[in-house]
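Following: one structure in structure tokens, then a few remarks.
The values are calculated or read from the model by the stated rules, or taken from the named source; none is laboratory data. Values in this document were obtained by computation on a predicted structure and should not be read as measured data. Neighbour counts are summed over all protein chains in view; Cβ atoms, including those assigned to glycine, are modelled from backbone coordinates with ideal geometry.
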Amino acid sequence: MASASSSPSGICYLVGAGPGDPGLLTLKGKECIEAADVLVYDYLCNPEHLRHAKPGTERLYVGKKAKDHTLTQDKINELIVKLTREGKVVTRLKGGDPVLFGRGAEEAAELADAGVRFEIVPGITSAIAGPAYAGIPVTHRDHCSQLTIFTGHEDPTKEETSLDYAKIAKADGTKVFLMGVERMEEITGKFISNGADPDTPMALVRWATHGCQQTLVGTLGTMAAKVKEAGFKAPAVAVVGNVVKERAKINWFESRPLFGKRIVVTRTRQQAGVLSKKLRDLGADVIELPTIRIEEPTDLLAFGELVQDCHTYEWILFTSPNGVDAFFKMFDKLYTDARSIGGVRIACIGPGTAEKVRARHLAVDLMPEKDFVAEGLVKALKEHQNLENVNILWVRAQETREVIANELTGLGAIVDEAIAYRTVKETEDNLEALARLKNEGADMITFTSASTVDCFMDLGVPLPEGCKVACIGPVTAAAIKKHGLSLDVNAEVNTIPGLVAAIENYWKK
Ligand code: SAH
């Protein structure tokens, strides 16, 4: 029964955010983030998931690592009840699964008592996914057909413990425990004193499914010492049993080419995803630190007028994917019929830009064969036809090199410049990424345009020691040199896949 004071539109989703890998969020979990007015999340929930939120969504961090700002469980309960009663869609994100050692049940009970609507959205738990990402299946026909999951948080020496180590130690099959790193000696000691074989294989998986995953393999008898020696810290999943032997064969996650490399991506938040995904797929631990943001041009009216006349030109030149996006955003406002673009031919600077054009079901008439830079495009056009008196519309960024206009005009063309967007410094929402960069360092930073270099340097954050610098092509390389940085990787093919290939190749050496 809803209480009189609660608004019927309010609902709280208790969502499992999965163990960390941004892909290990359920479709329903993602929908709940998209629908949220308020996101309430904690320490083990990967902040990457917040990107699914609509603009303006309130974000409340109630994580344990906030030290001074830690909210007690009672306060969190109060908070989600209050917000839901206000009629908001509240998405409460919890690491892993919300009801496996996640106190989701307590939050659900509070919401039920308060008479507000709620739903539980299960998530992928670290207890199973953690071992799987270390190449350890929690069950296996050859080894076991039973799984015990318990918490290592309880002090095994305390008298009123609800855990019966005598039973756990003797139980068949795999045992997984969470929250046990700090008590490794007591826990493994209890196993052995209760009759478990000290040679039983065991593994700990730290920050499982994240790019920075670490795995420690040993036995019940050796693990406590190994943890001390390695300075191994929480959060980690512990897995005990013969299934650990499978890791020798199926350790897939940690054997990918860029595993163990922390790489910074500085593109805009909207564009970072493609590069980040490619790097993550190769195993890298990616820090997204957008240094630039795309905004409307200062003179939107002038841009609109040129777009309106686009069908009167012989050529439209697109020199960036952002330009294509801005152009068609305006085009769609002005026209309802795709044919309004007329018979104009389209030239693109490179494959990324061309892909955007083709996504509109428009053919690209001309593109440089290689050299995906302004000079390459001018050369391609020049070789294609005599440019005397040819009308060209160049869709460009507000701040860019003038090569295209200068060269084409020099060849007799009549060039109109449609300033489609501005690149400005990104200052929002970077605190987390900056903190990671400062605290954890990075193995490599990537730059995909001169503006990303300029804006990164503007942040005044020194490059971590030993951090390599990778860039997409000659123009970006020049910007890097201008700032006195040394360049380690320069893509041969000036595209995102080209950059990724160059990075992969660099670490192969
Ligand atoms: N509800 C969560 C567990 C919360 S209890 C789940 O289903 O996964 C917190 C403990 O979970 C941590 O101390 C750690 O033991 C484990 N844990 C959660 N995420 C983890 C991760 N990515 N890697 C390793 N351990 C993790």
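Does G283 count as outside the structural domain of K190 (by TED's automatic domain parsing), among the small types (G, A, S) and either touching a Ser or Thr at 6+ places or on another chain (Cβ under 7 Å) or under 30 Å from K175 (Cβ atoms) (or both)? Walk me through how you get there before you give the answer.
Working: outside the structural domain of K190 (by TED's automatic domain parsing): yes; among the small types (G, A, S): yes; either touching a Ser or Thr at 6+ places or on another chain (Cβ under 7 Å) or under 30 Å from K175 (Cβ atoms) (or both): yes.
Here the answer is yes, as G283 does meet what is asked.
I'd like the residue in the stretch 162-178 that is of a type in the set (S, T, Y) and touching a helix residue (DSSP H, G or I) at 6+ places or on another chain (Cβ under 9 Å) and, out of all such residues, is surrounded by the fewest Cβ atoms within 10 Å (Cβ to Cβ). Walk me through how you get there before you give the answer.
Of the residues in the stretch 162-178, the ones of a type in the set (S, T, Y) are 162, 165, 174.
Adding the requirement that they be touching a helix residue (DSSP H, G or I) at 6+ places or on another chain (Cβ under 9 Å) leaves 165, 174.
Values: Y165: 20, T174: 24.
My answer is Y165.
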Criterion violated by R280 - all others in (1) under 18 Å from the mean Cα position of the chain (by Cα); (2) among the basic types (K, R); (3) more than 16 Å from the ligand (Cβ to nearest atom) satisfied: (3)
Answer residue from the stretch 28-62, given it is surrounded by fewer than 18 Cβ atoms within 10 Å (Cβ to Cβ) and among the small types (G, A, S) and is nearest to P8 (Cα to Cα) among those: A35
Test: residue in the stretch 179-193 that is within 16 Å of the ligand (Cβ to nearest atom), surrounded by fewer than 16 Cβ atoms within 10 Å (Cβ to Cβ) and closer than 30 Å to K261 by Cβ: yes
Hits in the stretch 276-323 (condition: among the aliphatic types (A, V, I, L, M) and under 19 Å from V357 (Cα atoms)): I294, L306, V307, I316, L317
Out of A238, A224, sole residue that is in the same structural domain as D142 (by TED's automatic domain parsing) and either farther than 19 Å from E182 by Cα or part of a helix (DSSP H, G or I) (or both): A224
Tally, over the stretch 202-233, of residues that are among the small types (G, A, S) and farther than 26 Å from Q146 by Cβ: 4
Complete set of residues in the stretch 122-161 that are within 10 Å of the ligand (Cβ to nearest atom), modelled with pLDDT under 95 and buried (at least 17 other Cβ atoms within 10 Å of the Cβ): G152
Top-ranked residue in the stretch 41-59 [being free of Cβ contacts under 8 Å to residues at least 24 places away in the same chain and charged (D, E, K, R); ranked as farthest from Q73 (Cα to Cα)]: K54
Scan of the stretch 82-113 for residues that are away from the ligand (no atom under 16 Å from the Cβ) and without any contact (Cβ under 8 Å) to a residue 40 or more places away in the chain, ordered by number: K82, A109, E110, A112, D113
Condition broken by K333, with the remaining ones in (1) at pLDDT 95 or above; (2) out of contact with any Ser or Thr (no Cβ under 7 Å at 6 or more places or on another chain); (3) not in a helix (DSSP H, G or I) satisfied: (3)
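Quick one: which residue in T209, T174 is polar (S, T, N, Q), within 29 Å of the chain's Cα centre (by Cα) and either within 16 Å of the ligand (Cβ to nearest atom) or outside the structural domain of L24 (by TED's automatic domain parsing) (or both)?
T209
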Residue in the stretch 242-254 that is modelled with pLDDT of 95 or more, surrounded by 17 or more Cβ atoms within 10 Å (Cβ to Cβ), within 16 Å of the ligand (Cβ to nearest atom) and of a type in the set (K, R) present: yes
Unmet criterion (only one of (1) assigned to a loop (DSSP other than H, G, I, E, B); (2) over 11 Å from V240 (Cβ atoms)) for K190: (1)
Residue match in the stretch 311-318 (condition: farther than 17 Å from L377 by Cα and of a type outside the set (S, T, N, Q)): yes
